Amino acid sequence: MKMTQSPGSILRDTFGYASFRGLQEQVIEHVLGDQHALVVMPTGTGKSLCYQIPALSRGGSTVVVSPLIALMHDQVSALQQLGVSAAALNSTLTSAEQHQVEQSWLAGDIKLLYVAPERATSSGFLRRLGDTQVNLFAIDEAHCVSQWGHDFRPEYLQLTRLWETHPLVPRLALTATADGQTQREIVQRLQLEPGRTFLGGFDRPNIRYTIQLRQQERGQVQRFLAQQPEDVSGIIYCLSRRKVEEMAQWLSGQGYRALPYHAGLDNATRQKHQRMFQLNEANIMVATIAFGMGVDKPDVRFVMHLDLPKSVEAYYQETGRGGRDGLPAEAYMLYGLNDAVTLYQMMQQSQAAPEIKQVERLKLRSLLGLCETVRCRRQVLLEYFGDRCEPCGNCDTCLEPVASWDATTAAQKALSAVYRTGQRFGVGYLSLLLRGQLEPRMQSNGHANLPTFGVGKELSDKEWHSVFRQLVAHGYLEVNMEGHGGLQFTARSAAMLKGAEQLQLRRDTQAKAASAKALGPARVSTPLFERLREVRLRLSRDQSVPPYVIFHDSTLYEMAEKRPRTAAELRQISGVGESKLARYGDIFLQALGGDPGTPGDGQL
Ligand code: ADP
Ligand code: ZN
């Protein structure tokens with residue numbers, strides 16, 4: 001097909017970016033060579049450009065299949081702001097609107113058409129598709145084709161019908177989450193052979209990871225929020241609907257603009273809350289994991305977990321919703337032994353097959369290992385995904401190394417207490433026993449005479465809790481399945497009890513606020529930055545689009561720092577392309593105190 005503009009010049013002129021990131025250029029080149037591909041790159045690393053630039057490089061239109069209707073709308077607005085003709089076809093349009101979109105598309109006036117999967121596989125759409133010139137099929141959230149995944153969409157299996165009439169058009173599948181098995185499934189089901197798989201690195205260096213012991217939850221939340229610049233957007237994940245409601249209400253009472261989001265709210269309310277969050281009318285979303293795949297807000301500055309997620313994968317996916325714009329973001333999690341107990345119990349009650357439960361237990365154990373590690377969090381995370389890095393300098397353990405202590409003897413005492421009491425009792429009871437604190441129950445259980453009674457006076461109740469918690473995290477104990485939080489042995493317990501292993505544990509400290517070390521210079525808000533933000537907010541309200549569709553925070557920061565005075569200077573800022581310069585150049589130059597009329601700025 002004929003090339004109309006080179007990828008590099010589209011990147012600069014239309015998107016206003018100076019250079020490609022990561023694998024973008026390779027993927028684009030590959031697709032423009034009419035080859036199929038699967039792209040697996042973490043959220044926020046720039047997958048969209050991999051199909052948007054090819055779409056604009058040649059004649060015809062690109063069909064983008066995406067299951068996320070709310071997101072489609074924003075993508076289309078963002079492209080329109082860039083002066084690109086884009087449109088969406090989904091169930092939220094009236095039939096008159098649909099007709100209009102289809103007519104412009106058939107007339108060749110639309111470069112990027114976003115389509116929901118059920119629409120894409122309808123016979124009407126397929127018929128019209130046969131009559132149009134298509135330059136690329138992009139299948140977003142491609143893992144939805146996997147029947148074994150949580151996001152399976154049956155319509156994805158039908159997508160092959162799209163290329164029946166266009167067999168030579170390249171197909172690009174994209175996803176942020178796909179292990180080896182899922183990758184093979186995508187390649188096979190979306191017929192990407194012969195083709196290539198591009199795997200981006202897993203690291204999200206702009207995210208700072210902090211994991212703390214839960215002490216006084218609300219106090220910790222309060223201290224964390226107090227450190228954030230005013231009005232930044234964040235997500236707070238909780239396990240239960242009730243906690244979501246309570247937390248949202250409490251935060252509102254504290255003067256934050258917080259909203260709840262969970263599956264118990266009706267559809268309209270959920271959509272309204274998501275929209276308000278997207279438009280920055282609310283800045284904190286308190287949510288269960290029901291607030292998930294459709295979250296595409298690039299300026300989420302923190303993701304907080306007030307309860308443990310199910311696995312390291314879930315944690316990484318959820319925290320990955322922060323900092324998509326590349327600016328510093330925080331992942332802050334609180335946990336305690338109770339979380340593990342609750343999760344073990346939920347697993348036990350689920351109807352899943354025993355093999356699945358076993359996998360879930362192992363996953364939970366990896367997550368607990370991450371919580372209790374004395375190593376760099378990022379190293380532990382990346383190793384989990386088969387990737388690696390140096391100690392990162394941007395996680396809590398790197399910033400404030402934790403003290404560890406030789407807990408071998410303590411572990412033996414703790415395990416012995418579990419064993420001699422019949423592997424049925426919880427931490428509270430075991431700690432009292434070790435410290436020799438007689439309880440009526442103990443006497444009737446005959447435990448007051450055990451050799452373990454009172455052998456652990458050197459540690460406080462808190463310290464014993466810490467030992468037990470970490471023994472669970474390291475797999476030396478597990479929560480038994482009777483549902484009362486009792487602890488029992490694992491395959492590893494005996495070796496430790498016999499003294500065949502050494503154990504170093506974290507020394508718990510009083511929880512401080514998350515590290516106060518600044519997240520990097522880009523975070524510093526100045527009066528000028530605030531002024532630019534106000535201008536942006538006004539523009540976004542006028543057009544009913546999210547502020548970041550006008551300019552990203554990173555663009556405003558760069559403007560505030562470099563203070564461009566002419567259109568030509570403004571055009572050098574990352575994120576300012578031709579279309580945005582024409583639309584907003586004057587307004588922002590004015591806010592920056594420059595003179596928009598300066599001669600020599602030929603662009604305007
Ligand atoms: P993904 O789809 O992988 O989650 P996006 O495509 O939404 O990520 O990109 C994340 C952010 O990075 C977007 O705000 C996008 O505009 C920005 N971005 C993408 N590529 C570049 C680039 N080459 N230079 C600067 N910013 C980029
Ligand atoms: Zn680190």
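Taking the residues in segment 544-565 that are in contact (Cβ under 8 Å) with a residue 40 or more places away in the chain and not hydroxyl-bearing (Ser, Thr, Tyr) as candidates, determine which candidate is nearest to ligand 2 (Cβ to nearest atom). Within segment 544-565, the match that is nearest to ligand 2 (Cβ to nearest atom) is ASP553. On the basis of being open to solvent by 60 Å² or more (accessible area, probe 1.4 Å) and either in contact with a strand residue (DSSP E or B) (Cβ under 8 Å, 6 or more places away or on another chain) or under 27 Å from VAL374 (Cα atoms) (or both), does HIS465 make the cut? Yes.
For segment 14-35, a residue qualifies if it is assigned to a helix (DSSP H, G or I) and either within 13 Å of ligand 1 (Cβ to nearest atom) or surrounded by fewer than 18 Cβ atoms within 10 Å (Cβ to Cβ) (or both), and the qualifying residues are THR14, PHE15, GLN24, GLU25, GLN26, VAL27, ILE28, GLU29. Residues that are under 27 Å from GLY577 (Cα atoms) and open to solvent by 40 Å² or more (accessible area, probe 1.4 Å) within segment 63-103 comprise ILE69, ALA70, HIS73, GLN80, GLY83, SER85, listed in sequence order. Restricting segment 359-398 to residues that are of a type in the set (A, V, I, L, M) and over 18 Å from the mean Cα position of the chain (by Cα), the residue that is nearest to ligand 2 (Cβ to nearest atom) is VAL374.
For segment 348-366, enumerate the residues that are in contact with a helix residue (DSSP H, G or I) (Cβ under 8 Å, 6 or more places away or on another chain) and open to solvent by 10 Å² or more (accessible area, probe 1.4 Å). Across segment 348-366, the qualifying residues are GLN348, SER350, ALA352, LYS357, GLU360, ARG361, LYS363, ARG365, SER366.
Here ASP203, ASP179 are screened, and the one residue that is under 30 Å from TRP148 (Cβ atoms) and within 16 Å of ligand 1 (Cβ to nearest atom) is ASP203.
Check off (1) closer than 26 Å to THR43 by Cα; (2) modelled with pLDDT of 95 or more; (3) open to solvent by less than 40 Å² (accessible area, probe 1.4 Å) for LYS111 and give me the number that stays unchecked. Result: LYS111 fails condition (3) only. Within the option set GLY436, GLY386, GLY369, GLY422, being in contact with a helix residue (DSSP H, G or I) (Cβ under 7 Å, 6 or more places away or on another chain) and either away from ligand 1 (no atom under 16 Å from the Cβ) or within 29 Å of PRO42 (Cβ to Cβ) (or both) holds for one residue only, GLY369.
When LEU434, LEU399 are checked against the criterion of being of a type in the set (A, V, I, L, M) and surrounded by fewer than 21 Cβ atoms within 10 Å (Cβ to Cβ), LEU399 stands alone in meeting it.
Within segment 93-152, the set of residues being assigned to a helix (DSSP H, G or I), free of Cβ contacts under 8 Å to residues at least 24 places away in the same chain and not polar (S, T, N, Q) comprises ALA96, GLU97, HIS99, VAL101, GLY124, ARG127. Restricting the search to helices (runs of 4 or more DSSP H) fully inside segment 194-312 and requiring at least 3 residues that are open to solvent by less than 10 Å² (accessible area, probe 1.4 Å) and not charged (D, E, K, R) gives 217-227, 241-253. Taken together, the residues in segment 175-193 that are outside any helix (DSSP H, G or I) and either free of Cβ contacts under 8 Å to residues at least 60 places away in the same chain or under 23 Å from ARG161 (Cβ atoms) (or both) amount to 7. When segment 351-387 is filtered for residues that are modelled with pLDDT under 90 and assigned to a loop (DSSP other than H, G, I, E, B), the ones remaining, listed by number, are GLN351, ALA352, ALA353, VAL374, PHE385, GLY386, ASP387. Applying the criterion of being hydroxyl-bearing (Ser, Thr, Tyr) and crowded, with 16+ Cβ neighbours inside 10 Å to the residues of segment 543-573, the residue that is farthest from GLU530 (Cα to Cα) is THR566.
All of (1) touching a helix residue (DSSP H, G or I) at 6+ places or on another chain (Cβ under 6 Å); (2) among the aromatic types (Phe, Trp, Tyr); (3) surrounded by fewer than 17 Cβ atoms within 10 Å (Cβ to Cβ) hold for PHE152 with one exception: (1).
Scanning segment 411-424 for any residue that is among the small types (Gly, Ala, Ser) and without any contact (Cβ under 8 Å) to a residue 24 or more places away in the chain turns up at least one such residue. Report yes if GLY124 is modelled with pLDDT under 95 and closer than 26 Å to ARG388 by Cα, otherwise no. Criteria not met by GLY124. Within segment 421-446, the set of residues being over 46 Å from the mean Cα position of the chain (by Cα) and of a type in the set (A, V, I, L, M, F, W, C) comprises LEU438, MET442.
Restricting attention to segment 313-347 and to residues that are in a helix (DSSP H, G or I) and touching a Gly at 6+ places or on another chain (Cβ under 7 Å), the residue that is surrounded by the most Cβ atoms within 10 Å (Cβ to Cβ) turns out to be VAL341.
The values are calculated or read from the model by the stated rules, or taken from the named source; none is laboratory data. Remember, predicted model here, so these are calculated numbers, not experimental data. All Cβ positions, even for glycine, are placed from backbone atoms using ideal geometry, and neighbour counts span all protein chains on display. Note: accessible area is taken over every heavy atom of the protein model, side chains too, but ligands, DNA and RNA are not part of it. Shrake-Rupley method; radii C 1.70, N 1.55, O 1.52, S 1.80 Å.
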